[in-house]
1. Restricting attention to the stretch 64-82, report how many residues are within 15 Å of the chain's Cα centre (by Cα) and modelled with pLDDT of 85 or more.
2. The conditions are (1) in contact with a Leu (Cβ under 8 Å, 6 or more places away or on another chain); (2) of a type in the set (A, V, I, L, M); (3) modelled with pLDDT of 90 or more, and ILE49 fails exactly one of them. Which is it?
3. Suppose we filter SER22, SER15 for residues that are in a helix (DSSP H, G or I), touching a Pro at 6+ places or on another chain (Cβ under 8 Å) and modelled with pLDDT under 80; which single one remains?
4. Are any residues in the stretch 41-80 more than 24 Å from THR30 (Cβ to Cβ), β-branched (Val, Ile, Thr) and surrounded by 10 or more Cβ atoms within 10 Å (Cβ to Cβ), and if so, which ones?
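The values are calculated or read from the model by the stated rules, or taken from the named source; none is laboratory data. All of these numbers come straight from a predicted model, not from anything done at the bench. Virtual Cβ from ideal backbone geometry, glycine too; neighbours counted across all protein chains shown.
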Amino acid sequence: MIHETPVPTQTTPHSTNTLCLSLQLLPAITNYVSEEMGPRFVEPMPFSISPSFNDSSAISPLVFVLSPGSDPMTSLMKFAEDKVRIWRHKC
């Protein structure tokens, strides 16, 4: 079941305070985790298509979960071109 929070049609002092608190709390938590545990726990992991492709199969395909600002299309097209070039070279 997907959890969806409805967008409020009217703002109330409570909803505005909650939003302000959330906007202040997230960076504070990120800073705390970075300082206490290290930056590797808050930085996104680098992604390489090649190892993921090698782990995939017809019954275990690659699935891209996108977030705002992410666009794997350039990397995916370059990977596909490299694969085609290698395949043609082998033939």
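1. 2
2. (3)
3. Just a single option satisfies the conditions, and that option is SER15.
4. The answer is ILE49, and nothing else.
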